[in-house]
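The values are calculated or read from the model by the stated rules, or taken from the named source; none is laboratory data. No experiment lies behind these values; they were computed from the predicted model shown. Neighbour counts are summed over all protein chains in view; Cβ atoms, including those assigned to glycine, are modelled from backbone coordinates with ideal geometry.
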Amino acid sequence: MSNEHQILVITKNTSGIGARVLALFNRRGYSVKKMTSGVTVQPGYARMTLTVDADSDTLDQIQKQIYKIIDVVKVKVFPKTDVVRRELMLIKVKADDQTRSQIVQIANIYRGNVLDVAPTSLIIELTGDEEKLRGFIDIMKPYGVLEMAKTGVTAMSRGERL
Amino acid sequence: MGDAMINGARIVLETLHRMGVTDFFGYPGGAVIPIYDEIYKYPKLNHYFARHEQGAAHEADGYARATGKCGVCLATSGPGATNLVTGLMTAHMDSVPVLAITGQVGCALLGKDAFQESDVVGITMPITKNNYLVKSIYDLPRILREAYYIATTGRPGPVLVDIPKDVQLKEITRDEFDKLYEEPFALEGYEPNYKGHPKQIKKAAKVLKNAKRPLIIAGAGVLKGRASAELFELAAKAQIPVTNTLLGLGSFPGDHELFLGMLGMHGTAAANFATDEADVVLAAGIRFDDRIAGNPEAFCKNATIIHIDIDPAEIEKNRKVDVPIVGDVKQVLQALNKELKIGEDEAKVAAHEAWLTQIKAWQEQYALRYNEQPDGTLPPQQVLKTLNELLQGDAVIVTDVGQHQMWAAQYFTYRKPNSIVTSGGAGTMGFGLPAAIGAQVGMPKSKVVLVVGDGGFQMTAHELMLINQYKLPVKIVLLNNSYLGMVRQWQELFNDKRYSYVDLSCNPDFQTLATAYGVRSVKIEGAADLKAKLKAALDADDGVLIECVVAREENVYPMIPAGMTVADMRGKEGVADDVE
């Protein structure tokens, strides 16, 4: 089983808070694989979702250590189930007159959006969980992937509670 | 600036004053001139002029450790602030409340690599409990109060406030300031858990009641939580032996029959054997540091461990435990004592005579001793033993870091809380002298005795000037073996005596050095007049440097080599084992 977990961190939106959180991970030797960060519905707060590789003991320590940062208001490890996880990807694929329509068709199957059409390339936007994105990348590989940008996972628990 | 107005610099001092600060340590510089300019108006705020910012930081730290109050230090931007770094790290490692105030270049110059600009908030992020860059004077009163509050509550620690020069110079009206000062602040993510969970306390009580071989390991948390009385109540009435971590010394009377001395790498054999054989360990305010636990898996291997700590992150950071209790040690011990009916009906809890007999046997068999030197030079242990006889536990002992520190931990009787000031977690050489100065400033009526080696002394020797300038009666006992003794000991034991760069035969003449700073000094070279000379120096009203020329190659024993277990302990009686 994968040891990957998403940790939700809600902080006061003070200057340098991102640096504080990441520096702590670095210093304590925890590896952050992905991180998303942005605002929340309440002004003055920031919400980060960190994807980490950790066993349960380490995970427990990570949570407690992060919570020691004064401006951190809430820390939570998302459970494996009952959570919506999404990642946004932009992918630039080689495309010419021969391949363009094929690629667009595949993108449609994946519910991707074509954002840019150039004579020799396409940019496709795709949202989904990791597996879906990986699947799409694999299919695009034969056409030639020129560039790829992923946002990292952001997540939310199902139901009313945080 | 008329009376109706107040500038940022003055707000700093006014706020410190209102929060009850009476002493602080600092070093002027371009970016703090406005603050220094306001000092004239605060005769009740005593500023002590360090000779290096590192000195100021350690002085604030020593002040805080000796008094239990918050230490305050002040430095300018750039190099002034970075010179505080070692001091802040030292305070952070040992959870000491220190408020550091630094000047910064004006807001308009921030990020431009201006003269004496340095990202001090970035630099000190991992070595402070929290830190702030104040970008508006309207935030200044709140931030200072928040900083002080954070430094002194929960698990204490250093907090740094970086104040750009233009913020120091900006003026607001007094009414505005008063309003800002009174405004309550909210720290949403900061709520130190003070009360232990009742269920866990019940569980702990049950475990203790059934213990056949109970042991208390008391650490710095007991001192910081002012829980010595509760600890004493529990240990004395329930007849539970107590051992201390280095930083926990003084939390339990060192002359009590239940006291085993320090545990860990250089702890007493009795203390270490007790950890090994105990069936229940109450770990109060300790963090299972590697110098205590050695191999954490094998530490207290037969024991059910109850761990009390105010910092939830300390639970199972270094060692798995059975009954964790997050909370203030004082409140938890009070609740635990109540649960155990301590003071009413503790006979059952106290029924473990066989264990006490065993411990007594260890104490007798492995009582610390030291060897006379064949060439008649003074054994360092003898100096400390004699000092201890003279002081009778009625002093604040300050140490630097190294062999002398471990001997000071072993040979002095610490009878009262906060009677030892030492850099434990960080092991900062150069800490001793400034920390002793800070301790003496904070405890003017106490006898402050610094024990320091010739290596560490030279790292901050410039602070001697303060002994003279402020007429501080600190007694500096310099154990001069012309070696970096602890490193040499490791090289002797683990590197086949390759004494790479530890020989300090090329030392300054410490007598002349003291004279240069106008500090009186004496030199003791043999055992003959040791006691008389020490007594004369201790009884004097002024600060004295007492240089003791001691045996060069003494080793600190007992010793459990790093990462190993009680079974690997060498020199159980304080002297090297006979080599076959």
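Quick notes
- Residue count, the range B:392-409 (criterion: out of contact with any Pro (no Cβ under 8 Å at 6 or more places or on another chain) and buried (at least 21 other Cβ atoms within 10 Å of the Cβ)): 12
- Qualifying position, being over 22 Å from B:ALA426 (Cα atoms) and either of a type in the set (Phe, Trp, Tyr) or surrounded by 24 or more Cβ atoms within 10 Å (Cβ to Cβ) (or both), among B:ILE101, B:ILE39, B:ILE35: B:ILE35
- Scanning the range A:1-13 for residues that are more than 9 Å from chain B (Cβ to nearest Cβ) and either out of contact with any Ser or Thr (no Cβ under 8 Å at 6 or more places or on another chain) or assigned to a loop (DSSP other than H, G, I, E, B) (or both) gives A:MET1, A:SER2, A:ASN3, A:ASN13.
- Failed condition for B:SER251, given (1) in a loop (DSSP other than H, G, I, E, B); (2) within 14 Å of another protein chain (Cβ to nearest Cβ): (2)
For (1) buried (at least 21 other Cβ atoms within 10 Å of the Cβ); (2) in the same structural domain as B:MET262 (by TED's automatic domain parsing); (3) in a strand (DSSP E or B); (4) touching a helix residue (DSSP H, G or I) at 6+ places or on another chain (Cβ under 8 Å), each residue gets a yes or a no:
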| position | (1), (2), (3), (4) |
| --- | --- |
| B:CYS300 | yes, yes, no, yes |
| B:ILE308 | yes, yes, yes, yes |
| B:ALA313 | no, yes, no, yes |
| B:LYS348 | no, yes, no, yes |
| B:TRP355 | yes, yes, no, no |
| B:GLN358 | no, yes, no, yes |
| B:LYS385 | no, no, no, yes |
| B:LEU390 | no, no, no, yes |
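- Residues located in the range B:91-121, provided they are closer than 30 Å to B:VAL421 by Cβ, of a type in the set (Gly, Ala, Ser) and in a helix (DSSP H, G or I): B:ALA91
- Looking across the range A:45-62 at every residue that is modelled with pLDDT of 95 or more and within 13 Å of chain B (Cβ to nearest Cβ), the one that is surrounded by the most Cβ atoms within 10 Å (Cβ to Cβ) is identified as A:ALA46.
- The range B:358-374 residues that are within 20 Å of B:LYS385 (Cβ to Cβ), paired with ones that are of a type in the set (Val, Ile, Thr) (beta carbon under 6 Å, 6 or more apart): B:ASN371/B:VAL575
- Helices (runs of 4 or more DSSP H) contained in the range B:137-242 and holding at least 1 residues without any contact (Cβ under 8 Å) to a residue 24 or more places away in the chain and not aromatic (Phe, Trp, Tyr): B:140-152, B:174-182, B:198-209, B:228-238
- Test set (1) outside any strand (DSSP E or B); (2) more than 30 Å from B:LEU160 (Cα to Cα); (3) not aliphatic (A, V, I, L, M) - A:LYS64 fails condition number: (2)
Conditions tested, residue by residue: (1) over 24 Å from B:LEU378 (Cβ atoms); (2) free of Cβ contacts under 8 Å to residues at least 60 places away in the same chain; (3) not assigned by TED's automatic domain parsing to the domain that holds B:VAL544.
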| residue | (1), (2), (3) |
| --- | --- |
| B:GLN469 | yes, no, no |
| B:LEU472 | yes, no, no |
| B:LEU493 | no, no, no |
| B:LYS497 | no, yes, no |
| B:SER505 | no, yes, no |
| B:ALA516 | yes, yes, no |
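- Test: B:GLY430 is surrounded by 15 or more Cβ atoms within 10 Å (Cβ to Cβ) and either free of Cβ contacts under 8 Å to residues at least 60 places away in the same chain or in the same structural domain as B:VAL96 (by TED's automatic domain parsing) (or both): no
- Selection of first residues in the range B:36-61 that are under 14 Å from B:ALA439 (Cβ atoms) and of second residues that are among the charged types (D, E, K, R), restricted to Cβ pairs under 7 Å at least 6 apart or on distinct chains, gives the following pairs, ordered by first then second residue: B:TYR48/B:ASP23; B:TYR48/B:GLU59; B:GLY55/B:GLU463.
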